[in-house]
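Comments concern the structure below.
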Amino acid sequence: MAGERFVKNSAVKRTAQSAEIAFQTLRKAILTGELKEGDKVREIRLARQWKIGRTPLREAIRRAAESGYLILRPNHAPIVRELSAADILQIYALRKVLECYALECAWDGLRESDFEYLRRLEGKVQTAKSGNSRLHAQFTFDNALHQLWVTKNGNPWLVSILDRLLIFRPNYQSRDVNMLAGRPDLTDAAYEDHQKILAALIQRDRPRALRALRHHISEAGTILAGLHPTGSAPKKS
């Protein structure tokens, strides 16, 4: 009996691990633009392509729908959620409130080693030679900076909510889905915002860091909503 329980528990654990891998693979495909807004999620094709069983993939699709990434349709393949300019503004309004709260929660746990890592990423932006390599370096710096307070705030519920809000994030690595492609004026402005946030963090100036973060997220939401087909694109500076 003990042996049977061990086998059953092992099988359940493997199934749960497979479902988690499937979910993370599906989520990454959506966030990176491999699966674009409005695309149908073909279960058989993806299971074959990703070498994932259909049972864990079904669980991943269910979780992705609960998280807001997909829309389930009776008797039809799920589709990747399409967001409007209004959706973007609402998402970024939430991010502004929650990320500032996350930064306040994480503040006392931030370490010099965190800042050293971010300084190195900042330096890679400055030394990038081509437009594409600079764009990639900016994205890496951007992501690492925001992840600092997202992962270090000590509140798993807050981490989960912020993770879900990443349903919309411009992808700097693929020109096919990057709303900021061809707009170095905007990506450079965002980079300067990130530099100001990091400088305030290094100087341990909490009010200034929060002001810079609040300003950055507000600006980013407005710009991205304007670049959306249903919005009004910002003019080049």
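Just so it is clear, none of the values below were taken in a lab; they were calculated from the coordinates. Just so it is clear, the structure is predicted and the values come from calculations on it, not from any experiment.
For the stretch 85-227, what class follows from the C-alpha gyration tensor (a ≥ b ≥ c being the square roots of its eigenvalues): rounded when a/c is under 1.5, otherwise prolate if a/b is larger than b/c, else oblate? In terms of gyration-tensor shape, oblate. For LYS196, the aspartates and glutamates whose Cα comes closer than 19 Å to its Cα, not counting residues fewer than 8 places off in the same chain, are GLU99, GLU104, GLU112, ASP114, GLU116, GLU122, ASP142, ASP185, ASP188, ASP205, GLU219.
Extension gain for SER160 to THR32 (0.36 nm times residue separation, less C-alpha to C-alpha distance): 44.2 nm.
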